[in-house]
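Input: a single structure, listed below in structure tokens.
The values are calculated or read from the model by the stated rules, or taken from the named source; none is laboratory data. All values derive from a computational prediction rather than experimental measurement. Positions of Cβ are generated from backbone atoms using ideal geometry, with glycine treated the same way; all protein chains shown enter the neighbour counts. Just the protein is used for accessible areas: all its heavy atoms, side chains included, with ligands, DNA and RNA removed. Shrake-Rupley method; radii C 1.70, N 1.55, O 1.52, S 1.80 Å.
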Amino acid sequence: MMTERTKGTKQDKTVKREICRITTPGTKTFNLLDSEVSNAFSEYLFSVVEKTSVSNDKRVRSFGVCFVDTSVGKIYVGQFEDDRHCSKLRTTLAQYPPAHVLYDRQNVSKETKHIIDMQNGVKEGLAPKSEMLSAGDLLRQLAENDYFKGKSGLEWPESFKTVLSEFDTLGLTAKSEYELALNAMGGIFWCLRKCLIDNEILSMKNFEIYQPVENVITDEVSKREIKKKLAQQKYMVLDSISLTNLEVIENNYDGSQKGTLYEQLDYCNTAFGKRLLKNWIVNPLCDPEAINDRLDALEDLIKMENKLASVNDMLKSLPDLERSVSKIHQLGNVRKDHPDSRAVMYENVTYGKRKVEDFISMLNGFSTAAKLFNQLKDSSTKSNIKSKLLKSILTITKENETRKLSFPYLDELLTFYRNSFDAEQARKDGKIIPNPGVNEDYDTAMKDMRDVERELNDHLKEQNRAFGCKVVYFGTGKNRYQLEIPEQKTKHLPSDFELTSSKKGYKRYWSSEIKELLARLTDAEQRRDQALRDTMQSLFKSFDAHYTVWSRAVQCLAILDVLISLTSYTRNSQSTMCRPEIVVLDETCQLSKPFVEIVDSRHPCLASTFSGDFIPNDIVLGSELAAHKWQSNPLVLVTGPNMGGKVI
């Protein structure tokens, strides 16, 4: 290792130790020295900033939040006003559970500090300005450090432009409604930079503006406006108290998923599908059109039942492609001033093999995905698919086609990367030898080496003729290509011959031409070695240039996996299931109040008791056409002794 580190230099022959990165529960990324992230769920690095003010004699509490899943590189930025119970903050923390919480230690209320202390994981208070950077300081740091450098200079990510003031053309001023959000992001930036992963995460430019769900549908909304309001409120408000009491994701006994709604619905085959299913569950749809479209998708998949077994098998074989794409980005975008670029691993071949294996596994995964969608596309054309969502993800489009959600055409890209190197050889050697046409610098160096070696062979043939005897090359390394000539033939040598060594009966020489050719050969070999060192990183960087394509493919795979999971739940249910009918209280509906009516209802997590004597119940609430007066009430309180059979 030391020989490799000091080769061709005059530097100190001692090992220089540097920190390459710091890993906390909230800053886990792909690292050669780390094991794989085993938890399929996202674990967030979460930053929160609080501000209180008085408006109309009322205390107004505002929060700026920023949270990031470093395993996939997605950053959420948001700001909102909250009530005195901090309901929105609690809900955000319940939906995006943090593994590491950052907060301004000099500006946090007792209520907010209590909420932070109740979270699992690391809690870290930051100093204002120096650690929890202000919005202005953050934007200047982002601009000066070339995280978003494009062809023409600084190019802010499109989604990030939402938080920037339109009056500042340089983009160094935040909108007033996002000051706190960027203040919170300042804490995230400080932590990422301290852990030496700031460039890996920020250069992905994967931002999303976060806004908690607002309940815009109230009793004052007229029937004429109801459809418009439903379209505005895409998701139902499911706050932290409801998530906890209903045991949607975690149970209240040991914090596991046993007995939860998630456990019942989870038939997903992929890690990224499991993450999306959780997101769908904690953000239930509110728009009847979107709900019915998902239900149509389940009915469409049930009709394709003969294909689902093979589809499930193909999905099970996929690695976590979402995190794999993030890994390749991180490996392909190591800055020259980062300690990783100077690190020499003790087991470099082992780590190289791991990189190669991960890359090949990911390429095979996308190949399987492309094959899967081609098969489903053929099946979908034969059947009448009603669901817009399912029809959209099963549509295959080229990269330059502007369709919002569709599976990308991957064959050309995958063929290019498959033909870029010999996969089996790379697995054995732990390094990628590029095929011709992949790395121009490598191809040029190899051509120069072949040219020099041909000239050296021609020169040897000339010396054989000139001396009238057999002359051979001798030597290795720096002493290569010495002309070994019989001693009796060395009486009349050309003046440019330089004696290098001898043995009994022979003398060895370098001619001036050999010296020149050897210098050219050494230069070409150095360029070849440098190109080989850069090949893996440049190949990864080339792959990362198509990030939006790979990301869209993963998104379609995740949606398909979740839809098939829900279909499997309906097929494997021990009781009869039906499709719910959603009634929209618009101008065409005679009813004026929301209601729920369920016949033979069963709790999804308590479908059968230990004794097997669970009795289905009918539930009618808020119905104006109910048989009993109490059933017209929107809320019914059932009382009675424990184990007394309280049912509606």
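Filter segment 446-472 down to the residues that are open to solvent by 50 Å² or more (accessible area, probe 1.4 Å), more than 30 Å from residue 435 (Cβ to Cβ) and not aliphatic (A, V, I, L, M) and list them by number.
Answer for segment 446-472, where residues must be open to solvent by 50 Å² or more (accessible area, probe 1.4 Å), more than 30 Å from residue 435 (Cβ to Cβ) and not aliphatic (A, V, I, L, M): 461, 462, 465, 468, 470.
Could you check segment 48-79 and list, in sequence order, the residues that are aromatic (Phe, Trp, Tyr) and either in contact with an Asp or Glu (Cβ under 8 Å, 6 or more places away or on another chain) or open to solvent by 10 Å² or more (accessible area, probe 1.4 Å) (or both)? Talk me through it step by step, then tell me what you get.
We begin by selecting, within segment 48-79, every residue aromatic (Phe, Trp, Tyr); these are 63, 67, 76.
Hits for segment 48-79 are 63, 76.
Can you tell me which residue among 260, 244 is among the hydroxyl-bearing types (Ser, Thr, Tyr), within 30 Å of residue 89 (Cα to Cα) and buried (at least 18 other Cβ atoms within 10 Å of the Cβ)?
On the way: 244 fails: buried (at least 18 other Cβ atoms within 10 Å of the Cβ).
Step by step, each of 260, 244 is checked, and only 260 is among the hydroxyl-bearing types (Ser, Thr, Tyr), within 30 Å of residue 89 (Cα to Cα) and buried (at least 18 other Cβ atoms within 10 Å of the Cβ).
Within the set of pairs 6 or more residues apart or between chains, which connect a residue that is closer than 20 Å to residue 325 by Cα and among the polar types (S, T, N, Q) inside segment 66-86 to a residue that is in a strand (DSSP E or B) and open to solvent by less than 10 Å² (accessible area, probe 1.4 Å) with Cβ atoms less than 9 Å apart?
Partner pairs satisfying both residue conditions: 70/45.
Considering segment 220-260 alone, what residues qualify as being assigned to a helix (DSSP H, G or I), at pLDDT 85 or above and either within 26 Å of the chain's Cα centre (by Cα) or under 30 Å from residue 159 (Cα atoms) (or both)? Lay out the reasoning, then the answer.
First, the residues of segment 220-260 that are assigned to a helix (DSSP H, G or I): 226-232, 240-245.
Next cut, at pLDDT 85 or above only: 240-245.
Answer for segment 220-260, where residues must be assigned to a helix (DSSP H, G or I), at pLDDT 85 or above and either within 26 Å of the chain's Cα centre (by Cα) or under 30 Å from residue 159 (Cα atoms) (or both): 240, 243.
Within segment 259-276, can you find the residues that are closer than 12 Å to residue 557 by Cα and of a type outside the set (D, E, K, R)?
Selection gives 268, 269, 270, 271, 272, 273, 276.
Out of (1) surrounded by fewer than 14 Cβ atoms within 10 Å (Cβ to Cβ); (2) in contact with a Cys (Cβ under 7 Å, 6 or more places away or on another chain), what's the single condition that is false for residue 489?
Of (1) surrounded by fewer than 14 Cβ atoms within 10 Å (Cβ to Cβ); (2) in contact with a Cys (Cβ under 7 Å, 6 or more places away or on another chain), only one is false for residue 489: (1).
Counting only residues that are aliphatic (A, V, I, L, M) and touching a Phe, Trp or Tyr at 6+ places or on another chain (Cβ under 9 Å), which one in segment 525-548 is farthest from residue 418 (Cα to Cα)?
First pass over segment 525-548, keeping only residues aliphatic (A, V, I, L, M): 531-532, 536, 539, 545.
Going one step further and asking which of them are touching a Phe, Trp or Tyr at 6+ places or on another chain (Cβ under 9 Å), we end up with 531-532, 536, 539.
Details: 531: 19, 532: 18, 536: 14, 539: 11 Å.
Among residues in segment 525-548 that are aliphatic (A, V, I, L, M) and touching a Phe, Trp or Tyr at 6+ places or on another chain (Cβ under 9 Å), the one farthest from residue 418 (Cα to Cα) is 531.
Checking residue 599 against (1) open to solvent by less than 90 Å² (accessible area, probe 1.4 Å); (2) hydrophobic (A, V, I, L, M, F, W, C); (3) over 30 Å from residue 415 (Cβ atoms), which test does it fail?
Only one criterion is unmet by residue 599, namely (1).
Which count do you get for residues in segment 511-541 that are hydroxyl-bearing (Ser, Thr, Tyr) and buried (at least 17 other Cβ atoms within 10 Å of the Cβ)? Even if it seems obvious, please write down each step before you answer.
In the first step, residues of segment 511-541 are kept if they are hydroxyl-bearing (Ser, Thr, Tyr); the result is 511-512, 522, 535, 538.
Pick out the ones that are also buried (at least 17 other Cβ atoms within 10 Å of the Cβ) and you get 511, 535, 538.
So the count comes out to 3.
Return yes when residue 332 is more than 21 Å from residue 21 (Cβ to Cβ), under 23 Å from the mean Cα position of the chain (by Cα) and either surrounded by 17 or more Cβ atoms within 10 Å (Cβ to Cβ) or modelled with pLDDT of 80 or more (or both) and no when it is not.
Values: more than 21 Å from residue 21 (Cβ to Cβ): no; under 23 Å from the mean Cα position of the chain (by Cα): yes; either surrounded by 17 or more Cβ atoms within 10 Å (Cβ to Cβ) or modelled with pLDDT of 80 or more (or both): yes.
No.
Hey, residue 217 hits all of (1) out of contact with any helix residue (DSSP H, G or I) (no Cβ under 7 Å at 6 or more places or on another chain); (2) in a loop (DSSP other than H, G, I, E, B); (3) not hydroxyl-bearing (Ser, Thr, Tyr) but one; which does it fall short on?
Every condition holds for residue 217 apart from (1).
Checking the condition on the phi < 0 side of the Ramachandran plot, surrounded by fewer than 13 Cβ atoms within 10 Å (Cβ to Cβ) and free of Cβ contacts under 8 Å to residues at least 40 places away in the same chain, which residue from 125, 136, 150 passes? Quick ask: steps written out before the conclusion?
Values: 125 fails: surrounded by fewer than 13 Cβ atoms within 10 Å (Cβ to Cβ); 136 fails: surrounded by fewer than 13 Cβ atoms within 10 Å (Cβ to Cβ).
Criteria check complete, one pass: 150.
Give all pairs with beta carbons closer than 7 Å in which a residue from segment 222-241 that is farther than 29 Å from residue 86 by Cβ meets a residue that is surrounded by fewer than 16 Cβ atoms within 10 Å (Cβ to Cβ); count only pairs at least 6 apart in sequence or on separate chains.
223/586; 223/587; 224/587; 226/584; 226/586; 227/584; 227/586
Mind checking which residues of segment 143-177 are of a type in the set (Ser, Thr, Tyr), closer than 25 Å to residue 336 by Cβ and out of contact with any helix residue (DSSP H, G or I) (no Cβ under 9 Å at 6 or more places or on another chain)? Can you show your working first?
Residues of segment 143-177 that are of a type in the set (Ser, Thr, Tyr), as a first pass: 147, 152, 159, 162, 165, 169, 173, 176.
Narrowing the set further to residues that are closer than 25 Å to residue 336 by Cβ leaves 147, 152.
Within segment 143-177, just 152 meets the criteria.
All but one of (1) open to solvent by 30 Å² or more (accessible area, probe 1.4 Å); (2) among the aromatic types (Phe, Trp, Tyr); (3) within 26 Å of residue 24 (Cβ to Cβ) hold for residue 167; state the number of the condition that does not hold.
Failed condition: (3).
Assess whether residue 591 counts as being touching a residue at least 60 places away in the same chain (Cβ under 8 Å), open to solvent by less than 50 Å² (accessible area, probe 1.4 Å) and of a type in the set (A, V, I, L, M).
Considered against the rule, which asks whether it is touching a residue at least 60 places away in the same chain (Cβ under 8 Å), open to solvent by less than 50 Å² (accessible area, probe 1.4 Å) and of a type in the set (A, V, I, L, M), residue 591 comes out as no.
Residues in segment 284-328 that are touching a helix residue (DSSP H, G or I) at 6+ places or on another chain (Cβ under 7 Å), open to solvent by less than 60 Å² (accessible area, probe 1.4 Å) and among the β-branched types (Val, Ile, Thr): how many?
Result for segment 284-328: 3.
Of everything in segment 428-464 that's part of a loop (DSSP other than H, G, I, E, B) and among the small types (Gly, Ala, Ser), which residue is farthest from residue 493 (Cα to Cα)?
Taking segment 428-464 as the starting set, the residues that turn out to be part of a loop (DSSP other than H, G, I, E, B) are 430-433, 435-439.
Next, only the ones that are among the small types (Gly, Ala, Ser) stay: 430, 437.
Working: 430: 48, 437: 45 Å.
Looking at the filtered set, the residue picked out is 430.
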